[in-house]
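Each value in this text was obtained by applying a stated rule to the coordinates, not by laboratory testing. This is a predicted model, so every value here is computed, not measured. Positions of Cβ are generated from backbone atoms using ideal geometry, with glycine treated the same way; all protein chains shown enter the neighbour counts.
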Ligand SMILES: Nc1nc2c(ncn2[C@@H]2O[C@H](COP(=O)(O)OP(=O)(O)OP(=O)(O)O)[C@@H](O)[C@H]2O)c(=O)[nH]1
Ligand SMILES: [Mg+2]
Ligand SMILES: [Zn+2]
Ligand SMILES: [Zn+2]
């Protein structure tokens, strides 16, 4: 039994929410054997008398063969074969230009596949070939194989592959009551997770945000990446000669545009808080190490993976330390805007690379705490358990 069963699904390509019964089909016959297959004609299945059930298949109205290839009625993209069966979670990774989104996604997905999976008894599986190829070519190979930085992400308006999210299913296996000694093979929960790597430039105006980034307001969690090197106070306190990126968007502008976009789309008043959890994560913490107390928890690996539980003490330590850092770094206004717009939020500090790339090459890949915001979102959605406080 799936406790998370829903009456709607969200298309992971255009992020439109549909009733389960609202699904179309395309013929899967050879194009030379069927007119519909040849012209990629979309077929609407017969109505199921007002019942909100997803049809499994239909007969092609040209060749008569049965097809189970479902497509979205809004954008016609081929839907994952598991669509409608599980809860859809869309995690939106947003941040200004050069905030570190692409490198973060590259390292996070690898971390989920290799360490989070084993620790939390779950497995991440790409839902289609497009996801496998795109993750491998655009994310994994540059960072882990050739050790080179990932190129700037192009705008979704000019490069259609950007608007294709990386889609995975995350399946949790039951843990036995005897503390996991007898690892059960039964699946207890499955979620569909879409990661969306936006181009920072698409987040510069509210209008583009509205058209290209529908996924933000239909998301189940937002990872808001911030580059600490964009904060004036941080730039001024770093040792002279430190290489700094160009200063671009003010961090609170992006936050307020995101909040406005969600409010408008969900018809929420200014007085109502938005209920999408927001993980505010400072990227590139390696670059500001000289500004941290050497004993700060941010310098240490997190404790979640070791115990296979979400460690609340560790989480609160980081959340508290990061919030006071943000305020002392001149982010007072940002912190206030965050709490006056969002119901649930927390601060994180991480590094995807663990080093500053030296003329495009990644010399010493040492990620730290990349899993924290993701695990916090899974915990918020009750997909993983927490460690009891001692
Ligand atoms: N020191 C340090 N630098 C990083 C880290 N991650 C990314 N960078 C640097 O920041 C630059 C931008 O990172 P990206 O991941 O491409 O940023 P983005 O948010 O995807 O940028 P757009 O695609 O332009 O929106 C990289 O080219 C690196 O030079 C990190 O963990 N540590
Ligand atoms: Mg990018
Ligand atoms: Zn769609
Ligand atoms: Zn056909």
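Which order do the peptides 339-348, 278-287, 357-366 come out in when sorted by mean C-beta neighbours inside 10 angstrom, highest first?
278-287, 339-348, 357-366
Calculate how steeply helix 312-328 sits against the longest principal axis of the alpha-carbon atoms of the chain, using the helix alpha-carbon long axis, and give the answer as 0 to 90 degrees to the nearest 10.
Computed tilt is about 60 degrees.
Would you kindly work out the equivalent ellipsoid of the chain from its C-alpha gyration tensor and give its semi-axes, the square roots of five times the eigenvalues, largest first in whole Å?
38, 24, 21
In a solvent-free Debye calculation with one equal scatterer on each Cα, what is log10 I(q)/I(0) for region 1-109 at q = 0.10, 0.12, 0.17, 0.20 Å⁻¹, listed in the order of the q values?
Those come out to -0.39, -0.54, -0.85, -1.02, one per q.
Using square roots of five times the C-alpha gyration tensor eigenvalues, list the equivalent-ellipsoid semi-axes of region 124-173 in whole Å, biggest first.
Output for region 124-173: semi-axes of 21, 17, 8 Å.
Divide by every residue of the chain the summed helix terms, -39500 (n - 2.57) for each DSSP H run of at least 4, and state the resulting mean residue ellipticity at 222 nm, rounded to the nearest 500 deg cm²/dmol.
So the helix-based figure for the chain works out to -7000 deg cm²/dmol.
What does the extension gain come out to for residue 336 and residue 385, with contour length at 0.36 nm per residue minus their alpha carbon separation?
Result: 14.7 nm gained on full extension.
How large is log10 of I(q)/I(0) for region 57-100 at q = 0.22, 0.32 Å⁻¹ when the intensity is taken from the Debye formula with one equal scatterer per alpha-carbon?
-0.90, -1.14
Within 10 Å, count the other beta carbons around each residue, average over each peptide in 44-57, 99-112, and list them highest first.
99-112, 44-57
Debye sum, Cα scatterers, region 300-361, no solvent: what log₁₀ I/I(0) at q = 0.14, 0.19 1/Å?
Scattering profile of region 300-361, log10 relative to I(0): -0.57, -0.87.
If you take every DSSP beta bridge whose two residues both sit in region 235-376, what share of them, in percent to the nearest 5, is antiparallel?
If we restrict to bridges inside region 235-376, about 25 percent are antiparallel.
Could you tell me the relative contact order of the chain? Use alpha-carbon pairs under 8 Å, at least six residues apart, and round to a whole percent.
RCO, the chain: 16 percent.
Expected output is a single nm value to one decimal: the length gained when fully extending between residue 78 and residue 360, i.e. 0.36 nm times separation in residues minus the C-alpha distance. What is it?
Result: 97.9 nm gained on full extension.
What angle do you read, to the nearest 10 degrees and between 0 and 90, between the alpha-carbon axis of helix 251-266 and the longest principal axis of the chain?
With rounding to tens, the tilt is 30 degrees.
Can you bin every Cα-Cα distance in region 339-381 into 5 Å intervals starting at zero and give me the percent of pairs per bin, rounded to whole numbers?
6, 19, 19, 16, 14, 11, 9, 6, 1
What share of the DSSP beta bridges in the chain is antiparallel, in percent to the nearest 5?
55
Work out the FRET efficiency for residue 312 and residue 61 from their Cβ-Cβ distance, taking R0 = 51 Å, and round it to the nearest 0.05.
0.35
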